[in-house]
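The values are calculated or read from the model by the stated rules, or taken from the named source; none is laboratory data. Note that this is a predicted model, so its numbers are computed, not measured. No Cβ is skipped: glycine too gets one built from the backbone with ideal geometry, and neighbour counts run over all protein chains shown.
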Amino acid sequence: MDDTPHTPTLDLVNTPADLRKLSDAALSDLADELRAEVIDAVSRTGGHLGSSLGVVELAVALHAVFDTPRDKLIWDVGHQCYPHKVLTGRRDRIRTLRQEGGLSGFTKRDESEYDPFGAAHSSTSISAALGFTVGRDLGQDTGDAIAVIGDGSISAGMAYEALNNAGDQGRRMFVILNDNEMSIAPPTGAMSRYLSSLYSGPLGAAQKMAEGFEAALPGPIRDHARRARALVTGLPGGQGTLFEELGFSYIGPIDGHDMAQLLPVLRAARTRATGPVLIHVCTVKGKGYAPAETAADRGHGVSKFEIATGAQSKGKPNAPSYTKVFGQALTRLAEDDSGIVAVTAAMPSGTGVDIMGKRFPGRVFDVGIAEQHAVTFAAGMAASGLKPFCAIYSTFLQRGYDQVVHDVALQGLPVRFAIDRAGLVGADGPTHAGTFDIGYLSALPGMVVMAAADEAELVHMVATAAAHDSGPIAFRYPRGEGEGVPFPEVGEVLEIGKGRVLQKGDDVALLSFGAHLGECRKATAALEARGLTVTLADARFAKPFDRDLVRQLVRDHRALVTVEQGAEGGFGASVLHWLANQGLLGGKCQVRTMTLPDRFIQQAAPDAMYAEAGLTAVDIAATAAEAAGLDARRVTQPVG
């Protein structure tokens with residue numbers, strides 16, 4: 001009996017080059033170990049569990065077959081990249097995922113040479129892979145390019161633009177379609193024998209593989225494979241697929257959890273491809289971990305959890321989330337107004353419109369990962385006389401900006417933009433931060449831009465948007481729970497362009513736009529503890545902002561500080577621009593604007609991110625004191 005301790009296969013892998021020394025059987029064992037490693041890591045950090053578990057075998061197979069990092073492996077979105085990170089020299093840091101100073105939850109160029117292209121927004125991988133392919137063909141020191149894209153991401157227009165261009169150019173490249181909406185499981189023996197023959201037999205090109213693939217299967221399984229083809233392509237079995245019409249050789253579908261299928265197909269494709277190849281791989285989100293496989297979202301985004309049960313440690317919220325408050329307020333208004341409809345781009349629960357969807361399913365539209373379409377679709381509904389609320393995260397609305405300009409603002413259509421995830425968002429980092437919408441929306445003629453200071457203000461702004469029929473209107477609010485203030489079921493309709501004064505003082509004025517009002521309250525207390533009297537005001541509107549209020553604040557105070565959870569060029573810039581043109585700068589009142597700094601803030605807890613950005617209550621108080629001519633050091637310690 002051999003008593004030699006077993007060395008886990010994963011312990012032998014420091015880089016993908018080590019995978020290429022292993023047998024196919026050892027690679028299968030390694031995949032099991034890698035799945036356990038990912039589950040353990042995410043149980044401690046939280047993150048995108050289901051998508052990462054779904055590509056464990058695929059990550060192993062791709063790195064074992066292709067010569068990464070010379071060959072460029074590009075993960076679309078990148079939220080499924082945790083197994084890839086473990087295999088590419090980052091195993092020792094995998095339990096720092098999404099933590100301050102730790103690994104990003106997405107691919108990131110400055111983190112590893114194995115991350116050739118940064119991601120976090122969808123549908124970019126094929127375009128980037130084609131770019132690398134052209135670089136190779138024009139003499140750059142790079143190998144093949146492989147894009148791994150999900151069935152949701154490939155539905156976006158950008159992906160089809162890239163497929164069309166790549167097929168037209170005819171360059172050798174690989175697209176792996178990771179289809180996790182269905183699963184096929186034909187008998188391992190028949191499938192494996194055929195796929196093994198692809199690698200060893202004298203086949204010509206990848207196109208021949210595609211033609212012979214289905215024909216070699218037993219009848220019922222062949223029919224199932226053809227149905228799978230038709231489901232993903234929209235074309236009947238026996239016809240050329242859409243991908244083939246675009247110029248790609250199509251191979252599949254194959255079981256993405258069966259290494260005996262994956263490895264021969266990838267090896268054969270790499271050996272014989274002369275042009276663009278699309279390999280259709282079927283996977284299961286959350287594969288191998290029952291709590292994820294059985295969850296409604298397949299464990300898409302999880303908090304820290306107990307491995308044995310899958311129970312997440314989310315904690316009890318102190319207040320309802322802004323997202324929930326928006327969803328409830330919109331649903332309440334929709335009960336009394338049949339013209340209210342909602343549009344979202346693959347984020348019904350993330351934006352809260354699923355609440356209205358349960359009550360009025362025929363009036364809520366999830367268009368998939370298609371922000372451009374979502375905006376113009378909403379514009380069309382507005383032109384028809386409906387009252388569309390287009391609910392999209394700030395960072396994703398950027399993808400539909402041309403449509404906001406051309407199809408909404410230029411035509412003066414009353415589309416209501418509900419902008420979730422405004423400001424810094426924590427563990428998802430800079431790719432998901434809502435930092436630019438104040439500036440890019442305020443630049444548009446006729447656009448009304450609001451920001452909610454708390455839950456009650458958000459309810460008022462939903463009502464204000466519903467009542468606003470004279471043009472486009474937007475309101476922004478942050479991720480996470482609210483301030484804990486009471487709020488009504490139905491809000492008041494606010495006067496457009498009017499702010500509010502919460503308290504009056506004589507020395508300095510703090511003018512907050514949006515959800516940083518709580519920090520401004522703390523700063524007010526710190527200033528008052530040092531003998532200053534403070535006016536605290538909530539702008540409510542960045543466009544049009546309350547000019548009478550700003551004029552009054554400049555006239556009556558030694559210092560005015562504007563505060564916003566957005567980039568330079570937003571609310572404060574608009575105030576300064578107006579004050580300069582009115583000749584109101586340079587008098588007794590010193591004006592300061594506080595924004596996010598001109599750099600991307602890396603992931604951390606939101607409070608830590610705002611501290612790095614210099615937007616804490618202490619920072620606000622110190623800025624106000626300096627502007628008023630006092631020693632800022634006297635107000636740098638928090639009160640109490």
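Points worth noting:
- Residue match in the range 586-593 (condition: under 15 Å from residue 440 (Cα atoms) and either of a type outside the set (A, V, I, L, M) or touching a Phe, Trp or Tyr at 6+ places or on another chain (Cβ under 6 Å) (or both)): no
- Meeting the requirement of 2 or more residues that are within 24 Å of the chain's Cα centre (by Cα), the helices (runs of 4 or more DSSP H) wholly within the range 1-79 are 24-45, 49-53, 56-65.
- Top-ranked residue of the range 395-426 - restricted to ones that are of a type in the set (A, V, I, L, M, F, W, C) and part of a strand (DSSP E or B), ranked as nearest to residue 121 (Cα to Cα): 419
- Test: residue in the range 443-456 that is free of Cβ contacts under 8 Å to residues at least 24 places away in the same chain and surrounded by fewer than 24 Cβ atoms within 10 Å (Cβ to Cβ): yes
- Residues being within 21 Å of residue 618 (Cβ to Cβ) and assigned to a loop (DSSP other than H, G, I, E, B) - total across the range 569-586: 0
- Which numbered condition residue 50 misses (of (1) surrounded by fewer than 20 Cβ atoms within 10 Å (Cβ to Cβ); (2) within 28 Å of residue 312 (Cβ to Cβ); (3) touching a Gly at 6+ places or on another chain (Cβ under 8 Å)): (1)
- Within the range 134-171, considering residues that are aliphatic (A, V, I, L, M) and touching a Gly at 6+ places or on another chain (Cβ under 9 Å), the one farthest from residue 366 (Cα to Cα): 145
- The range 530-544: number of residues that are out of contact with any helix residue (DSSP H, G or I) (no Cβ under 8 Å at 6 or more places or on another chain) and modelled with pLDDT of 95 or more: 3
- Among the candidates 522, 504, residue that is at pLDDT 95 or above and touching a Pro at 6+ places or on another chain (Cβ under 9 Å): 522
- Residue check, residue 36 modelled with pLDDT of 95 or more, surrounded by 14 or more Cβ atoms within 10 Å (Cβ to Cβ) and of a type outside the set (S, T, N, Q): yes
- Of all residues in the range 351-378, those that are farther than 21 Å from residue 326 by Cα and of a type in the set (Gly, Ala, Ser) total 1.
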